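Just below is one structure, and these are the notes that go with it.
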Amino acid sequence: MSEENVNGAAAPAEANGPAFTVEKIYAKDVSFEVPGAPGVFNEQAQPQLQMNLNQSVQRLNENAFEVVLGITLTCNAGDKTMYVVEVKQAGVFGLAGFDAQTLDAMLGTHCPNVLYPYARQLISDLIQSGGFPPFFLQPINFDALYAEGLRQRAQQAGNAGLADTETAGNA
């Protein structure tokens, strides 16, 4: 048998071709706060949600990267904070055989797409365990966020183009 299973994924047929593997997925940091409990459970005002999304990439070795997807969700009712959820969902990914531009795109789009469902489920579980109605984050278009990040990087580099910018992998 010429193909080897690594974490349930078939190894690429060509040994020299690009390879992507998910080595580990884990919750790196989790926080849930209900600062006004139990009074906030009686609030009648319409809740307002604010979401902050960030991503960081750290090279672990030549072909391994840690990608951390950070999501902070704050729910306010009037002038009171009902809850704050902060999740840093992380993964270690193996990426080998990619050119710099494709590697950057994989780190900025594909890796967060793998991590997001885990973060989404964790946030939903935390909110419901905190005594609030179920809440499900909507899908995020990481391709569009990455494209906007590329545009901003090119603009900051004085329109020097992607070839002169550092691989960031950040959406």
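The values are calculated or read from the model by the stated rules, or taken from the named source; none is laboratory data. Bear in mind the structure is a predicted one, so any value in this text is a computation, not a measurement. All Cβ positions, glycine included, derive from the backbone under ideal geometry; neighbour counts span all protein chains shown. Areas reflect the complete protein model, heavy atoms only, side chains present, ligands, DNA and RNA absent. Shrake-Rupley method; radii C 1.70, N 1.55, O 1.52, S 1.80 Å.
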For Lys88, the lysines lying under 20 Å Cα to Cα, once residues fewer than eight places off in the same chain are dropped, come out as Lys24, Lys28
Here the gain from full extension of Asn141 to Ala37, 0.36 nm per residue of separation minus their alpha-carbon distance, amounts to 34.0 nm
Those GluC sites (Glu not before Pro) from region 14-49 that are DSSP loop and have at most 12 other Cβ neighbours within 10 Å turn out to be Glu14
Sorting Ser124, Ser56 on solvent-accessible surface, 1.4 Å probe, most exposed first, gives Ser56, Ser124
Total charge of the residues flanking Val30 in space, meaning their Cβ is under 13 Å from its Cβ, with Lys and Arg +1 and Asp and Glu -1, is -2
For Ile25 the rounded accessible area (nearest 10 Å², probe 1.4 Å, non-protein molecules ignored) is 50
For Leu60, Leu95, Leu150, the accessible-area ranking with a 1.4 Å probe, largest leading, is Leu60, Leu150, Leu95
Expressed in angstrom, Rg and Dmax over the Cα atoms of region 59-121 are 15.7, 52
Here the FRET efficiency for Gln152 versus Ala96, based on Cβ atoms and R0 = 35 Å and rounded to 0.05, is 0.80
With N residues in region 29-171, Rg(alpha-carbon) / (2.2 N^0.38 Å) equals 1.25
